1. Just wondering, is there one or more residues in segment 25-42 that are in a loop (DSSP other than H, G, I, E, B), surrounded by 14 or more Cβ atoms within 10 Å (Cβ to Cβ) and among the polar types (S, T, N, Q)?
2. Just name the residue that is farthest from Phe50 (Cα to Cα) out of those in segment 68-92 that are surrounded by fewer than 16 Cβ atoms within 10 Å (Cβ to Cβ) and touching an Asp or Glu at 6+ places or on another chain (Cβ under 9 Å).
3. Select from segment 93-135 the residues that are modelled with pLDDT under 90, open to solvent by less than 80 Å² (accessible area, probe 1.4 Å), touching an Asp or Glu at 6+ places or on another chain (Cβ under 9 Å) and at negative phi and list them in ascending order.
4. Please count how many residues of segment 92-109 are without any contact (Cβ under 8 Å) to a residue 24 or more places away in the chain and over 22 Å from Arg15 (Cα atoms).
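The values are calculated or read from the model by the stated rules, or taken from the named source; none is laboratory data. Remember, predicted model here, so these are calculated numbers, not experimental data. Here the Cβ positions follow ideal geometry from the backbone for every residue, glycine too, while neighbour counts run over all protein chains shown. Calculation scope for accessible area: heavy atoms of the full protein, side chains included, ligands and nucleic acids excluded. Shrake-Rupley method; radii C 1.70, N 1.55, O 1.52, S 1.80 Å.
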Amino acid sequence: MIYLYYDSRTGNVERFINKVVQITGWTAIRIQEGVEIKEAGHLITYTTNFGKVPEKTDAFMKDKNHLISSVTSSGNRNWGRNFAIAADKLSELFDIPTAMKFELSGTMEDINQFIDIIKNQYYDSKRGSEKLDIA
C-alpha cells in the first residue's frame, strides 16, 4: 500500500490527491495537528506567499520527515523561479528527493505522471534515490 500525506489550503492539492486516489486506491491522509502516522509515504504540499513552505507542512516534516520518501509541491507558474519551490526547500532541508511539481490542482497529465513516478520509479526504493529527482 502506498501512503500519501498532503497539505492543502485552497483545495488545489486536495483535488489533485482525490484524483490520484480515485485512480490508484492509494491511502491519502491530510496533515492536521496531532495526526498520527506510522507508515512511510510521500508528501504532497503547496507553496505559499510566493515561495514559502506552509507552516503546517513545516511542523509535520520536523516531526515526521524520517517517514517521508519523496516530496511533491503545487504552485503557480506566475511566481517564476519560486514556482512550487516548497518542494525544493523541503528536499534540501530534509534530504528527501523531489518527485515532481505541478501547477494549481494539476492536469490529468500531471496526475498520471505523479502516479508513474511513485509507482514505477520510486515505490519500494530507498529514500534519497538519485533516480527520483526529475522535477
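1. No, the conditions are met nowhere in segment 25-42.
2. First, pick out the residues of segment 68-92 that are surrounded by fewer than 16 Cβ atoms within 10 Å (Cβ to Cβ): 76-81, 92.
Still in the running and touching an Asp or Glu at 6+ places or on another chain (Cβ under 9 Å): 76-77.
Values: Asn76: 9, Arg77: 10 Å.
Only one residue tops the list, namely Arg77.
3. Phe102, Glu103, Ser105, Ala135
4. Final tally of qualifying residues: 1.
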